[in-house]
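Heads up: the structure comes next, in C-alpha coordinates.
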(Lines give C-alpha, C1' and ligand atoms only; values in the text may rest on other atoms or scores of the structure.)
Protein backbone atom coordinates (compact mmCIF):
# COMPACT_ATOMS: atom_id res chain seq x y z
CA UNK A 1 0.00 0.00 0.00
CA UNK A 2 1.04 3.55 -0.71
CA UNK A 3 2.63 5.40 2.21
CA UNK A 4 0.54 8.43 3.12
CA UNK A 5 3.37 10.94 2.76
CA UNK A 6 1.22 13.97 3.37
CA UNK A 7 0.44 12.69 6.87
CA UNK A 8 4.06 13.12 7.88
CA UNK A 9 3.56 16.89 7.97
CA UNK A 10 1.14 16.92 10.95
CA UNK A 11 3.09 13.99 12.47
CA UNK A 12 6.37 15.89 12.66
CA UNK A 13 4.57 19.13 13.47
CA UNK A 14 3.11 17.43 16.55
CA UNK A 15 6.52 16.34 17.82
CA UNK A 16 8.04 19.74 17.01
CA UNK A 17 5.19 21.41 18.91
CA UNK A 18 5.67 19.09 21.90
CA UNK A 19 9.45 19.40 22.16
CA UNK A 20 10.37 22.91 20.91
CA UNK A 21 9.29 24.59 24.18
CA UNK A 22 11.18 21.99 26.21
CA UNK A 23 14.37 22.45 24.19
CA UNK A 24 14.16 26.24 24.59
CA UNK A 25 13.47 25.91 28.32
CA UNK A 26 16.48 23.65 28.89
CA UNK A 27 18.77 25.69 26.63
CA UNK A 28 17.96 28.97 28.38
CA UNK A 29 18.66 27.47 31.79
CA UNK A 30 22.39 27.49 30.90
CA UNK A 31 22.24 31.18 30.02
CA UNK A 32 24.90 33.34 31.67
CA UNK A 33 22.79 36.50 31.34
CA UNK A 34 19.74 37.39 33.38
CA UNK A 35 17.19 37.38 30.56
CA UNK A 36 15.30 34.22 29.68
CA UNK A 37 14.89 35.60 26.15
CA UNK A 38 18.41 36.08 24.77
CA UNK A 39 21.32 33.67 25.13
CA UNK A 40 24.48 35.45 26.31
CA UNK A 41 26.81 32.51 26.89
CA UNK A 42 27.05 29.21 28.76
CA UNK A 43 26.94 29.19 32.56
CA UNK A 44 25.72 27.05 35.42
CA UNK A 45 25.09 30.02 37.68
CA UNK A 46 21.29 29.61 37.74
CA UNK A 47 21.69 26.09 39.04
CA UNK A 48 23.82 27.55 41.85
CA UNK A 49 21.09 30.10 42.62
CA UNK A 50 18.55 27.30 42.59
CA UNK A 51 20.52 25.20 45.07
CA UNK A 52 20.65 28.18 47.41
CA UNK A 53 16.92 29.01 47.20
CA UNK A 54 15.41 28.23 50.61
CA UNK A 55 11.77 28.53 49.41
CA UNK A 56 12.29 25.85 46.79
CA UNK A 57 14.10 23.58 49.23
CA UNK A 58 11.29 23.92 51.77
CA UNK A 59 8.70 23.36 49.03
CA UNK A 60 10.50 20.19 47.97
CA UNK A 61 10.59 18.87 51.55
CA UNK A 62 6.86 19.63 51.97
CA UNK A 63 6.05 17.93 48.67
CA UNK A 64 7.97 14.79 49.63
CA UNK A 65 6.26 14.58 53.05
CA UNK A 66 2.85 14.89 51.42
CA UNK A 67 3.67 12.48 48.58
CA UNK A 68 5.13 9.75 50.80
CA UNK A 69 2.24 9.93 53.27
CA UNK A 70 -0.40 10.06 50.55
CA UNK A 71 1.23 7.15 48.71
CA UNK A 72 1.28 4.90 51.79
CA UNK A 73 -2.33 5.75 52.63
CA UNK A 74 -3.63 5.38 49.08
CA UNK A 75 -1.71 2.14 48.46
CA UNK A 76 -3.16 0.42 51.54
CA UNK A 77 -6.71 1.72 51.04
CA UNK A 78 -6.66 1.32 47.25
CA UNK A 79 -5.40 -2.28 47.35
CA UNK A 80 -7.99 -3.35 49.93
CA UNK A 81 -10.71 -1.59 47.97
CA UNK A 82 -9.67 -3.24 44.70
CA UNK A 83 -9.75 -6.73 46.25
CA UNK A 84 -13.05 -5.93 47.96
CA UNK A 85 -14.65 -4.63 44.77
CA UNK A 86 -13.39 -7.51 42.63
CA UNK A 87 -13.97 -10.39 45.04
CA UNK A 88 -16.53 -9.37 47.64
CA UNK A 89 -18.98 -7.07 45.88
CA UNK A 90 -21.03 -6.83 42.72
CA UNK A 91 -22.19 -3.29 43.29
CA UNK A 92 -22.07 -1.06 40.19
CA UNK A 93 -22.59 2.03 42.37
CA UNK A 94 -19.50 1.14 44.38
CA UNK A 95 -17.48 0.76 41.18
CA UNK A 96 -18.62 4.22 40.09
CA UNK A 97 -17.72 5.83 43.44
CA UNK A 98 -14.34 4.10 43.32
CA UNK A 99 -13.33 5.78 40.04
CA UNK A 100 -15.03 9.10 40.78
CA UNK A 101 -11.97 10.83 42.34
CA UNK A 102 -9.95 10.02 39.22
CA UNK A 103 -12.48 11.49 36.78
CA UNK A 104 -13.79 14.41 38.83
CA UNK A 105 -12.26 17.77 37.76
CA UNK A 106 -9.48 18.61 40.23
CA UNK A 107 -10.98 22.06 40.73
CA UNK A 108 -14.25 20.58 42.00
CA UNK A 109 -12.46 18.14 44.31
CA UNK A 110 -10.23 20.96 45.55
CA UNK A 111 -13.01 23.36 46.52
CA UNK A 112 -15.15 20.53 47.90
CA UNK A 113 -12.34 19.47 50.22
CA UNK A 114 -11.65 23.09 51.22
CA UNK A 115 -15.31 23.43 52.23
CA UNK A 116 -15.12 20.11 54.07
CA UNK A 117 -12.00 21.07 56.05
CA UNK A 118 -13.51 24.40 57.05
CA UNK A 119 -16.78 22.66 57.98
CA UNK A 120 -15.08 20.13 60.28
CA UNK A 121 -12.73 22.93 61.50
CA UNK A 122 -9.56 21.09 60.48
CA UNK A 123 -6.58 23.39 60.23
CA UNK A 124 -5.13 23.62 56.72
CA UNK A 125 -1.54 22.45 56.32
CA UNK A 126 0.49 19.53 55.07
CA UNK A 127 -1.91 17.10 56.73
CA UNK A 128 -4.94 18.41 54.83
CA UNK A 129 -3.05 18.23 51.50
CA UNK A 130 -1.87 14.69 52.28
CA UNK A 131 -5.40 13.49 53.07
CA UNK A 132 -6.69 15.17 49.90
CA UNK A 133 -4.03 13.58 47.70
CA UNK A 134 -4.83 10.15 49.12
CA UNK A 135 -8.38 10.46 47.74
CA UNK A 136 -7.36 10.42 44.09
CA UNK A 137 -4.23 8.35 44.74
CA UNK A 138 -6.45 5.62 46.15
CA UNK A 139 -8.67 5.64 43.06
CA UNK A 140 -5.65 5.20 40.78
CA UNK A 141 -4.13 2.42 42.92
CA UNK A 142 -7.50 0.64 43.01
CA UNK A 143 -7.84 0.91 39.22
CA UNK A 144 -4.34 -0.46 38.53
CA UNK A 145 -4.68 -3.29 41.07
CA UNK A 146 -8.10 -4.25 39.69
CA UNK A 147 -6.65 -4.67 36.20
CA UNK A 148 -4.03 -6.96 37.71
CA UNK A 149 -6.73 -8.86 39.64
CA UNK A 150 -8.70 -9.41 36.46
CA UNK A 151 -5.70 -11.26 35.01
CA UNK A 152 -4.85 -13.09 38.25
CA UNK A 153 -5.44 -16.84 38.51
CA UNK A 154 -8.53 -17.29 40.70
CA UNK A 155 -8.10 -21.06 41.00
CA UNK A 156 -5.26 -20.51 43.48
CA UNK A 157 -7.54 -18.45 45.71
CA UNK A 158 -10.28 -21.08 45.42
CA UNK A 159 -7.83 -23.83 46.31
CA UNK A 160 -6.71 -21.88 49.36
CA UNK A 161 -10.32 -21.40 50.47
CA UNK A 162 -11.18 -25.07 49.85
CA UNK A 163 -8.26 -26.06 52.03
CA UNK A 164 -9.85 -24.09 54.85
CA UNK A 165 -7.93 -20.82 54.82
CA UNK A 166 -9.80 -17.74 55.99
CA UNK A 167 -10.26 -14.87 53.49
CA UNK A 168 -7.63 -12.88 55.39
CA UNK A 169 -5.06 -15.70 55.21
CA UNK A 170 -5.88 -16.23 51.54
CA UNK A 171 -5.37 -12.51 50.95
CA UNK A 172 -1.94 -12.38 52.57
CA UNK A 173 -0.58 -15.72 51.33
CA UNK A 174 -2.08 -15.95 47.83
CA UNK A 175 -3.65 -12.73 46.53
CA UNK A 176 -1.12 -10.18 47.75
CA UNK A 177 2.01 -11.86 46.28
CA UNK A 178 0.21 -12.19 42.93
CA UNK A 179 -0.74 -8.52 43.02
CA UNK A 180 2.66 -7.16 44.07
CA UNK A 181 3.69 -5.77 40.64
CA UNK A 182 0.31 -4.05 40.26
CA UNK A 183 0.51 -2.58 43.75
CA UNK A 184 4.03 -1.28 43.06
CA UNK A 185 2.88 0.30 39.78
CA UNK A 186 -0.13 1.86 41.52
CA UNK A 187 2.04 3.24 44.33
CA UNK A 188 4.48 4.76 41.82
CA UNK A 189 1.56 6.36 39.99
CA UNK A 190 0.08 7.76 43.22
CA UNK A 191 3.48 9.17 44.22
CA UNK A 192 4.12 10.82 40.84
CA UNK A 193 0.63 12.32 40.71
CA UNK A 194 0.98 13.71 44.23
CA UNK A 195 4.41 15.27 43.58
CA UNK A 196 3.03 16.98 40.48
CA UNK A 197 -0.38 17.95 41.83
CA UNK A 198 -1.14 21.66 41.99
CA UNK A 199 -4.85 22.51 41.93
CA UNK A 200 -6.03 20.49 44.95
CA UNK A 201 -2.95 21.49 46.95
CA UNK A 202 -3.63 25.12 46.01
CA UNK A 203 -7.02 25.00 47.76
CA UNK A 204 -6.18 22.74 50.70
CA UNK A 205 -2.73 23.97 51.79
CA UNK A 206 -1.76 26.72 54.22
CA UNK A 207 0.14 29.72 52.76
CA UNK A 208 2.94 29.05 55.25
CA UNK A 209 3.47 25.47 54.07
CA UNK A 210 3.41 25.47 50.24
CA UNK A 211 4.24 22.38 48.22
CA UNK A 212 6.77 22.67 45.38
CA UNK A 213 4.18 23.22 42.60
CA UNK A 214 2.72 26.09 44.64
CA UNK A 215 6.20 27.61 45.04
CA UNK A 216 6.69 27.32 41.26
CA UNK A 217 3.28 28.91 40.67
CA UNK A 218 4.13 31.96 42.77
CA UNK A 219 7.54 32.25 41.07
CA UNK A 220 5.98 32.08 37.59
CA UNK A 221 3.32 34.64 38.52
CA UNK A 222 5.95 36.96 39.91
CA UNK A 223 8.00 37.01 36.74
CA UNK A 224 10.11 35.08 34.29
CA UNK A 225 13.70 34.35 35.41
CA UNK A 226 16.36 31.86 34.23
CA UNK A 227 16.19 30.35 37.73
CA UNK A 228 12.77 28.92 36.88
CA UNK A 229 14.31 27.50 33.69
CA UNK A 230 16.95 25.75 35.79
CA UNK A 231 14.30 24.38 38.15
CA UNK A 232 12.19 23.27 35.17
CA UNK A 233 15.21 21.48 33.67
CA UNK A 234 15.87 19.60 36.92
CA UNK A 235 12.20 18.56 37.15
CA UNK A 236 12.19 17.51 33.49
CA UNK A 237 15.31 15.40 34.02
CA UNK A 238 13.75 13.69 37.05
CA UNK A 239 10.44 12.88 35.38
CA UNK A 240 12.06 11.78 32.11
CA UNK A 241 14.29 9.39 34.07
CA UNK A 242 11.34 8.00 36.04
CA UNK A 243 9.15 7.50 32.95
CA UNK A 244 11.90 5.82 30.92
CA UNK A 245 12.91 3.62 33.88
CA UNK A 246 9.28 2.62 34.40
CA UNK A 247 9.02 1.83 30.68
CA UNK A 248 12.14 -0.37 30.85
CA UNK A 249 10.83 -2.11 33.98
CA UNK A 250 7.48 -2.93 32.40
CA UNK A 251 9.23 -4.36 29.38
CA UNK A 252 11.49 -6.40 31.67
CA UNK A 253 8.58 -7.83 33.68
CA UNK A 254 6.67 -8.51 30.46
CA UNK A 255 9.56 -10.47 29.01
CA UNK A 256 9.94 -12.43 32.26
CA UNK A 257 6.31 -13.51 32.51
CA UNK B 1 -29.99 -41.13 61.75
CA UNK B 2 -26.81 -42.27 63.45
CA UNK B 3 -24.95 -40.07 65.81
CA UNK B 4 -22.06 -39.55 63.42
CA UNK B 5 -24.21 -38.39 60.50
CA UNK B 6 -26.17 -36.09 62.80
CA UNK B 7 -23.00 -34.48 64.05
CA UNK B 8 -21.76 -34.16 60.47
CA UNK B 9 -24.98 -32.32 59.50
CA UNK B 10 -24.69 -30.06 62.55
CA UNK B 11 -21.07 -29.23 61.90
CA UNK B 12 -21.82 -28.67 58.21
CA UNK B 13 -24.49 -26.14 59.10
CA UNK B 14 -22.14 -24.54 61.58
CA UNK B 15 -19.45 -24.36 58.90
CA UNK B 16 -21.93 -22.73 56.54
CA UNK B 17 -22.85 -20.08 59.14
CA UNK B 18 -19.18 -19.63 59.89
CA UNK B 19 -18.30 -19.18 56.26
CA UNK B 20 -21.20 -16.76 55.76
CA UNK B 21 -20.05 -14.81 58.78
CA UNK B 22 -16.45 -14.82 57.58
CA UNK B 23 -17.56 -13.67 54.14
CA UNK B 24 -19.42 -10.75 55.72
CA UNK B 25 -16.42 -9.87 57.85
CA UNK B 26 -14.14 -10.14 54.79
CA UNK B 27 -16.39 -7.66 53.02
CA UNK B 28 -16.08 -5.33 55.99
CA UNK B 29 -12.30 -5.70 56.19
CA UNK B 30 -11.68 -5.14 52.47
CA UNK B 31 -14.36 -2.62 51.58
CA UNK B 32 -14.80 -0.86 54.92
CA UNK B 33 -11.70 1.36 55.16
CA UNK B 34 -11.69 2.54 51.54
CA UNK B 35 -15.40 3.16 51.55
CA UNK B 36 -15.29 5.09 54.81
CA UNK B 37 -12.48 7.22 53.36
CA UNK B 38 -14.43 7.90 50.18
CA UNK B 39 -17.52 8.88 52.14
CA UNK B 40 -15.57 11.30 54.35
CA UNK B 41 -13.26 12.87 51.76
CA UNK B 42 -15.31 12.61 48.58
CA UNK B 43 -19.05 12.20 49.12
CA UNK B 44 -19.44 14.58 52.07
CA UNK B 45 -17.40 17.33 50.33
CA UNK B 46 -19.51 16.89 47.19
CA UNK B 47 -22.72 16.98 49.25
CA UNK B 48 -21.49 20.18 50.94
CA UNK B 49 -20.78 21.71 47.55
CA UNK B 50 -24.28 20.80 46.33
CA UNK B 51 -26.00 22.11 49.46
CA UNK B 52 -24.14 25.45 49.40
CA UNK B 53 -25.68 26.27 46.02
CA UNK B 54 -29.05 27.00 47.67
CA UNK B 55 -27.72 29.08 50.59
CA UNK B 56 -26.96 32.77 50.91
CA UNK B 57 -23.41 34.04 51.32
CA UNK B 58 -22.32 35.39 54.68
CA UNK B 59 -21.37 39.05 54.93
CA UNK B 60 -17.72 38.24 55.65
CA UNK B 61 -17.41 35.03 53.69
CA UNK B 62 -18.83 31.74 54.91
CA UNK B 63 -22.48 30.90 54.51
CA UNK B 64 -25.84 31.82 56.00
CA UNK B 65 -28.21 28.86 56.13
CA UNK B 66 -31.13 30.59 54.41
CA UNK B 67 -32.50 28.89 51.34
CA UNK B 68 -32.38 31.09 48.26
CA UNK B 69 -32.46 30.74 44.49
CA UNK B 70 -30.37 33.85 43.88
CA UNK B 71 -27.19 31.92 43.05
CA UNK B 72 -28.91 30.29 40.12
CA UNK B 73 -30.49 33.51 38.83
CA UNK B 74 -27.05 35.14 39.07
CA UNK B 75 -25.68 32.32 36.91
CA UNK B 76 -27.90 33.58 34.07
CA UNK B 77 -26.47 37.10 34.35
CA UNK B 78 -24.75 37.77 30.98
CA UNK B 79 -21.62 38.72 32.92
CA UNK B 80 -21.20 35.11 34.08
CA UNK B 81 -23.03 33.32 31.30
CA UNK B 82 -20.59 34.83 28.79
CA UNK B 83 -17.67 33.43 30.74
CA UNK B 84 -19.22 29.95 30.75
CA UNK B 85 -19.97 30.15 27.02
CA UNK B 86 -16.49 31.57 26.35
CA UNK B 87 -14.91 28.63 28.19
CA UNK B 88 -17.02 26.23 26.14
CA UNK B 89 -15.76 27.92 22.99
CA UNK B 90 -12.07 27.88 23.95
CA UNK B 91 -12.20 24.28 25.15
CA UNK B 92 -13.97 23.26 21.93
CA UNK B 93 -11.40 24.99 19.72
CA UNK B 94 -8.56 23.36 21.69
CA UNK B 95 -10.24 19.95 21.32
CA UNK B 96 -10.72 20.32 17.56
CA UNK B 97 -7.10 21.41 17.03
CA UNK B 98 -5.85 18.53 19.19
CA UNK B 99 -7.98 16.11 17.14
CA UNK B 100 -6.72 17.48 13.81
CA UNK B 101 -3.09 17.20 14.93
CA UNK B 102 -3.56 14.02 16.96
CA UNK B 103 -5.34 11.85 14.42
CA UNK B 104 -2.65 11.80 11.70
CA UNK B 105 0.01 11.41 14.39
CA UNK B 106 -1.73 8.45 16.02
CA UNK B 107 -2.42 6.97 12.57
CA UNK B 108 1.24 7.04 11.60
CA UNK B 109 2.40 5.75 15.00
CA UNK B 110 0.08 2.75 14.59
CA UNK B 111 1.75 1.96 11.25
CA UNK B 112 5.34 2.27 12.47
CA UNK B 113 7.50 -0.84 12.95
CA UNK B 114 7.08 -2.28 16.47
CA UNK B 115 10.37 -0.91 17.77
CA UNK B 116 9.71 2.68 16.67
CA UNK B 117 6.12 2.48 17.84
CA UNK B 118 7.22 2.29 21.48
CA UNK B 119 9.70 5.13 21.03
CA UNK B 120 7.09 7.32 19.35
CA UNK B 121 4.50 6.61 22.05
CA UNK B 122 6.90 7.29 24.92
CA UNK B 123 7.88 10.53 23.19
CA UNK B 124 4.20 11.55 23.13
CA UNK B 125 3.69 10.76 26.82
CA UNK B 126 6.98 12.20 28.16
CA UNK B 127 5.99 15.88 28.13
CA UNK B 128 2.73 14.95 29.83
CA UNK B 129 4.61 13.50 32.80
CA UNK B 130 6.46 16.72 33.45
CA UNK B 131 5.14 19.37 35.78
CA UNK B 132 2.10 21.12 34.36
CA UNK B 133 3.21 24.58 35.51
CA UNK B 134 6.61 24.10 33.91
CA UNK B 135 4.97 23.29 30.59
CA UNK B 136 2.79 26.38 30.77
CA UNK B 137 5.80 28.48 31.80
CA UNK B 138 7.67 27.37 28.67
CA UNK B 139 5.01 29.08 26.58
CA UNK B 140 5.36 32.35 28.50
CA UNK B 141 9.03 32.37 27.51
CA UNK B 142 8.16 31.60 23.89
CA UNK B 143 5.20 33.91 23.41
CA UNK B 144 5.85 37.00 25.53
CA UNK B 145 6.61 40.42 23.98
CA UNK B 146 10.42 40.19 23.95
CA UNK B 147 10.10 36.40 23.67
CA UNK B 148 11.69 34.01 21.26
CA UNK B 149 8.88 33.71 18.74
CA UNK B 150 8.76 37.48 18.24
CA UNK B 151 12.57 37.49 18.05
CA UNK B 152 12.47 34.90 15.27
CA UNK B 153 9.67 36.73 13.45
CA UNK B 154 11.61 39.99 13.74
CA UNK B 155 14.56 38.42 11.90
CA UNK B 156 12.34 37.83 8.86
CA UNK B 157 10.87 41.30 9.14
CA UNK B 158 7.58 40.55 10.86
CA UNK B 159 6.00 41.63 14.11
CA UNK B 160 6.40 42.11 16.95
CA UNK B 161 2.96 40.76 17.74
CA UNK B 162 1.09 40.58 21.02
CA UNK B 163 1.16 36.79 21.24
CA UNK B 164 0.80 36.30 24.96
CA UNK B 165 -2.28 37.28 26.98
CA UNK B 166 -5.02 36.44 24.54
CA UNK B 167 -7.33 33.66 23.49
CA UNK B 168 -4.77 32.32 21.01
CA UNK B 169 -2.26 31.84 23.80
CA UNK B 170 -4.86 30.11 25.98
CA UNK B 171 -5.79 27.68 23.19
CA UNK B 172 -2.10 27.00 22.49
CA UNK B 173 -1.49 26.24 26.17
CA UNK B 174 -4.52 23.95 26.40
CA UNK B 175 -3.60 22.01 23.25
CA UNK B 176 -0.01 21.70 24.44
CA UNK B 177 -1.10 20.45 27.87
CA UNK B 178 -3.59 17.81 26.76
CA UNK B 179 -2.52 16.69 23.27
CA UNK B 180 -1.03 13.41 24.62
CA UNK B 181 -4.46 12.56 26.05
CA UNK B 182 -5.87 12.83 22.54
CA UNK B 183 -3.18 10.77 20.82
CA UNK B 184 -3.26 7.77 23.19
CA UNK B 185 -6.94 6.71 22.84
CA UNK B 186 -6.80 7.44 19.10
CA UNK B 187 -3.73 5.23 18.80
CA UNK B 188 -5.45 2.44 20.75
CA UNK B 189 -8.46 2.57 18.41
CA UNK B 190 -6.44 2.80 15.18
CA UNK B 191 -4.08 0.03 16.26
CA UNK B 192 -7.01 -2.39 16.66
CA UNK B 193 -8.23 -1.66 13.14
CA UNK B 194 -7.80 -4.56 10.72
CA UNK B 195 -5.61 -3.29 7.80
CA UNK B 196 -7.38 -5.73 5.47
CA UNK B 197 -10.53 -3.61 5.71
CA UNK B 198 -8.64 -0.65 4.26
CA UNK B 199 -7.13 -2.84 1.57
CA UNK B 200 -10.53 -4.23 0.68
CA UNK B 201 -11.88 -0.72 0.36
CA UNK B 202 -8.96 0.28 -1.87
CA UNK B 203 -9.33 -2.86 -3.98
CA UNK B 204 -12.98 -2.05 -4.52
CA UNK B 205 -11.86 1.23 -6.06
CA UNK B 206 -12.37 3.68 -3.22
CA UNK B 207 -10.00 6.64 -3.09
CA UNK B 208 -7.84 6.99 0.06
CA UNK B 209 -10.05 9.90 1.16
CA UNK B 210 -13.22 7.85 0.65
CA UNK B 211 -11.66 4.89 2.50
CA UNK B 212 -10.76 7.16 5.39
CA UNK B 213 -14.23 8.65 5.75
CA UNK B 214 -16.26 5.47 5.22
CA UNK B 215 -13.99 2.82 6.81
CA UNK B 216 -11.21 4.15 9.06
CA UNK B 217 -12.98 7.05 10.75
CA UNK B 218 -16.28 5.26 11.62
CA UNK B 219 -14.37 2.26 13.01
CA UNK B 220 -12.19 4.45 15.23
CA UNK B 221 -15.05 6.63 16.46
CA UNK B 222 -14.71 5.38 20.05
CA UNK B 223 -11.12 6.62 20.13
CA UNK B 224 -12.17 9.98 18.70
CA UNK B 225 -14.91 10.40 21.31
CA UNK B 226 -12.66 9.35 24.22
CA UNK B 227 -9.77 11.55 23.05
CA UNK B 228 -12.06 14.57 22.65
CA UNK B 229 -13.45 14.04 26.16
CA UNK B 230 -9.94 13.69 27.62
CA UNK B 231 -8.95 17.05 26.11
CA UNK B 232 -12.22 18.91 26.61
CA UNK B 233 -12.86 18.01 30.26
CA UNK B 234 -9.59 19.34 31.76
CA UNK B 235 -9.57 22.30 29.33
CA UNK B 236 -13.06 23.45 30.26
CA UNK B 237 -12.37 23.65 34.00
CA UNK B 238 -8.80 24.93 33.68
CA UNK B 239 -7.76 28.06 35.52
CA UNK B 240 -3.95 27.93 35.35
CA UNK B 241 -3.57 28.24 31.58
CA UNK B 242 -5.98 31.20 31.26
CA UNK B 243 -4.39 32.90 34.26
CA UNK B 244 -0.75 32.52 33.17
CA UNK B 245 -1.17 32.78 29.40
CA UNK B 246 -4.42 34.72 29.21
CA UNK B 247 -3.44 37.68 31.31
CA UNK B 248 -4.95 37.02 34.72
CA UNK B 249 -8.48 38.24 34.10
CA UNK B 250 -11.45 35.98 34.78
CA UNK B 251 -11.73 34.65 31.29
CA UNK B 252 -12.70 31.05 31.88
CA UNK B 253 -15.13 29.49 34.29
CA UNK B 254 -12.27 27.93 36.27
CA UNK B 255 -10.86 31.39 37.09
CA UNK B 256 -14.32 32.56 38.08
CA UNK B 257 -14.75 29.65 40.50
CA UNK B 258 -11.28 30.12 41.95
CA UNK B 259 -11.98 33.85 42.48
CA UNK B 260 -15.29 33.18 44.21
CA UNK B 261 -13.48 30.98 46.70
CA UNK B 262 -10.24 32.87 47.25
CA UNK B 263 -11.01 36.53 46.42
CA UNK B 264 -14.73 37.32 46.53
CA UNK B 265 -15.29 34.80 49.33
CA UNK B 266 -18.70 33.96 47.90
CA UNK B 267 -18.72 30.21 48.46
CA UNK B 268 -22.39 29.66 47.60
CA UNK B 269 -22.01 31.27 44.17
CA UNK B 270 -18.67 29.53 43.62
CA UNK B 271 -20.37 26.22 44.36
CA UNK B 272 -23.15 27.05 41.92
CA UNK B 273 -20.60 27.76 39.19
CA UNK B 274 -18.85 24.48 40.00
CA UNK B 275 -22.19 22.69 39.71
CA UNK B 276 -22.69 24.28 36.28
CA UNK B 277 -19.25 23.01 35.28
CA UNK B 278 -20.12 19.52 36.50
CA UNK B 279 -23.48 19.62 34.69
CA UNK B 280 -21.77 20.32 31.35
CA UNK B 281 -19.33 17.46 31.92
CA UNK B 282 -22.10 15.04 32.94
CA UNK B 283 -24.04 15.86 29.76
CA UNK B 284 -20.90 15.12 27.74
CA UNK B 285 -20.33 11.79 29.52
CA UNK B 286 -23.95 10.79 28.90
CA UNK B 287 -23.50 11.64 25.22
CA UNK B 288 -20.40 9.46 25.14
CA UNK B 289 -22.24 6.55 26.78
CA UNK B 290 -25.06 6.99 24.29
CA UNK B 291 -22.64 7.03 21.35
CA UNK B 292 -20.88 3.92 22.70
CA UNK B 293 -24.19 2.06 23.00
CA UNK B 294 -25.15 2.99 19.44
CA UNK B 295 -21.86 1.67 18.08
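The values are calculated or read from the model by the stated rules, or taken from the named source; none is laboratory data. Given the structure is predicted, the values throughout are model-derived calculations rather than measurements. Glycine also receives a Cβ, built like all others from the backbone with ideal geometry; neighbour counts cover every protein chain displayed.
For this structure, a couple of remarks:
- The stretch A:217-237: number of residues that are more than 7 Å from chain B (Cβ to nearest Cβ) and either buried (at least 20 other Cβ atoms within 10 Å of the Cβ) or modelled with pLDDT of 85 or more (or both): 10
- Candidates are the residues of the stretch B:35-47 that are under 14 Å from residue B:278 (Cβ atoms) and either in contact (Cβ under 8 Å) with a residue 12 or more places away in the chain or surrounded by 17 or more Cβ atoms within 10 Å (Cβ to Cβ) (or both); the one that is nearest to the other protein chains (Cβ to nearest Cβ) is B:45.
- Contact map, the stretch A:1-23: first residue more than 7 Å from chain B (Cβ to nearest Cβ), second residue at pLDDT below 75, Cβ cut-off under 6 Å, separation 6 or more or different chains; the map is empty.
- Among the residues of the stretch B:278-295, the one identified as modelled with pLDDT of 90 or more and either within 11 Å of another protein chain (Cβ to nearest Cβ) or surrounded by 13 or more Cβ atoms within 10 Å (Cβ to Cβ) (or both) is B:278.
- The helices (runs of 4 or more DSSP H) located wholly in the stretch B:63-136 that include 1 or more residues which are within 18 Å of the chain's Cα centre (by Cα), more than 27 Å from residue A:201 (Cβ to Cβ) and more than 12 Å from every other protein chain (Cβ to nearest Cβ) occupy B:78-110.
- Inspection of the stretch A:183-190 finds no residue satisfying the criterion of being closer than 17 Å to residue B:135 by Cβ and surrounded by fewer than 20 Cβ atoms within 10 Å (Cβ to Cβ).
- Odd one out for residue A:92 among (1) in contact with a helix residue (DSSP H, G or I) (Cβ under 9 Å, 6 or more places away or on another chain); (2) more than 9 Å from chain B (Cβ to nearest Cβ): (1)
- Residue B:55 under 18 Å from residue B:265 (Cα atoms), within 14 Å of another protein chain (Cβ to nearest Cβ) and modelled with pLDDT under 80: no
- Taking the criterion of being without any contact (Cβ under 8 Å) to a residue 24 or more places away in the chain, part of a helix (DSSP H, G or I) and in contact with a helix residue (DSSP H, G or I) (Cβ under 9 Å, 6 or more places away or on another chain), the residues of the stretch B:200-216 that qualify are B:200, B:201, B:202, B:208, B:210, B:211, B:212, B:214, B:215.
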